[in-house]
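Chemist: One structure, as structure tokens, below. Some questions next.
The values are calculated or read from the model by the stated rules, or taken from the named source; none is laboratory data. It should be emphasised that the depicted structure is a prediction, and the values quoted were computed from it without experimental measurement. Glycine also receives a Cβ, built like all others from the backbone with ideal geometry; neighbour counts cover every protein chain displayed.
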Amino acid sequence: MRLPSLPAGTRWGNFPTTADTGVWARSTTVNGLFGALGTGMFAVMTDLRRVVPRERREVRATGSDPNSLVVAFLSELIVLEDTERFVARRVVAQVRLGPAPSVTGTAYGEPWDPERHLRRKEVKAVTLHGLDVRRNPPSARVILDI
């Protein structure tokens, strides 16, 4: 399966916090931002270079504003990993902002294989502490409970 590309200029990484870990992302589009946050969260969980995009899974989330939408979206990806043991090499998102914000995300990856996938950290939840989502330019910092 061919991986869809993220918008040019899309980046993500992680940052240490006192007891948890954080993910930051930036992009030229809101869709790219959400995709980068999802991909960055999976990078906290495992080495993405070892994940083969054999399958895809879809998740949906709604929120009342961009902050709650980020939390709901990443939480749905955590549920996907937790219930189906599915790890993604890339996440692509379609975001609808406005009076009823929503996001549909597609995770490209495969079921967890302990023979090939390195377990870095188990992400338990997305926290509201330190959450910073900005629309112009699209960027965010999210702290994950590990």
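Chemist: List the strands (runs of 3 or more DSSP E) inside the stretch 99-146, counting only whole elements, that have at least 1 residues being out of contact with any strand residue (DSSP E or B) (no Cβ under 9 Å at 6 or more places or on another chain).
Modeler: Details: elements: 102-111, 132-135, 138-145.
The qualifying strands (runs of 3 or more DSSP E) are 132-135.
Chemist: For the stretch 1-42, how many residues meet the condition of being at pLDDT 95 or above, touching a Lys or Arg at 6+ places or on another chain (Cβ under 8 Å), within 24 Å of Lys121 (Cα to Cα) and not in a strand (DSSP E or B)?
Modeler: Going through the stretch 1-42 one residue at a time, the tally reaches 5.
Chemist: Criterion first (part of a loop (DSSP other than H, G, I, E, B), among the hydrophobic types (A, V, I, L, M, F, W, C), touching a residue at least 24 places away in the same chain (Cβ under 8 Å) and over 12 Å from Leu37 (Cβ atoms)) does Leu80 satisfy it?
Modeler: Working: part of a loop (DSSP other than H, G, I, E, B): no; among the hydrophobic types (A, V, I, L, M, F, W, C): yes; touching a residue at least 24 places away in the same chain (Cβ under 8 Å): yes; over 12 Å from Leu37 (Cβ atoms): yes.
When the stated conditions are applied, Leu80 does not pass them.
Chemist: Let me ask something else about it. Determine, yes or no, whether Glu81 is at pLDDT 95 or above and not polar (S, T, N, Q). Before you say what the answer is, go through the steps one by one.
Modeler: Details: at pLDDT 95 or above: yes; not polar (S, T, N, Q): yes.
Yes, satisfied.
Chemist: Could you check the stretch 84-105 and list, in sequence order, the residues that are under 30 Å from Arg50 (Cα atoms) and surrounded by fewer than 21 Cβ atoms within 10 Å (Cβ to Cβ)?
Modeler: Glu84, Arg85, Phe86, Gln94, Thr104
Chemist: Need pairs with beta-carbon distance below 8 Å; first residue of a type in the set (Lys, Arg) and within the stretch 6-20, second assigned to a strand (DSSP E or B) and at pLDDT 90 or above; sequence gap 6+ or separate chains.
Modeler: That search, which allows pairs on different chains as well, returns Arg11/Ala25; Arg11/Arg26.
Chemist: Determine whether Gly109 is surrounded by 16 or more Cβ atoms within 10 Å (Cβ to Cβ) and not basic (Lys, Arg).
Modeler: The answer is yes for Gly109.
Chemist: List every residue pair whose Cβ atoms lie under 6 Å apart, where the two residues are 6 or more positions apart in sequence or sit on different chains, the first residue falls within the stretch 43-59 and is in contact (Cβ under 8 Å) with a residue 40 or more places away in the chain and in a loop (DSSP other than H, G, I, E, B), and the second residue, located anywhere, is of a type in the set (D, E, K, R) and crowded, with 18+ Cβ neighbours inside 10 Å.
Modeler: Correct list of pairs: Val51/Arg89; Val52/Glu110; Pro53/Arg89; Arg54/Glu110.
Chemist: Now, a different point. Restricting to the stretch 27-83, name every residue that is of a type in the set (Ser, Thr, Tyr), under 16 Å from Gln94 (Cβ atoms) and surrounded by fewer than 22 Cβ atoms within 10 Å (Cβ to Cβ).
Modeler: Within the stretch 27-83, Thr28, Thr29, Thr62 qualify.
Chemist: Okay, moving on. List every residue pair whose Cβ atoms lie under 6 Å apart, where the two residues are 6 or more positions apart in sequence or sit on different chains, the first residue falls within the stretch 115-136 and is over 23 Å from Ser64 (Cα atoms), and the second residue, located anywhere, is surrounded by 11 or more Cβ atoms within 10 Å (Cβ to Cβ) and of a type in the set (Ser, Thr, Tyr).
Modeler: His117/Thr46; Leu118/Thr46; Arg120/Thr46
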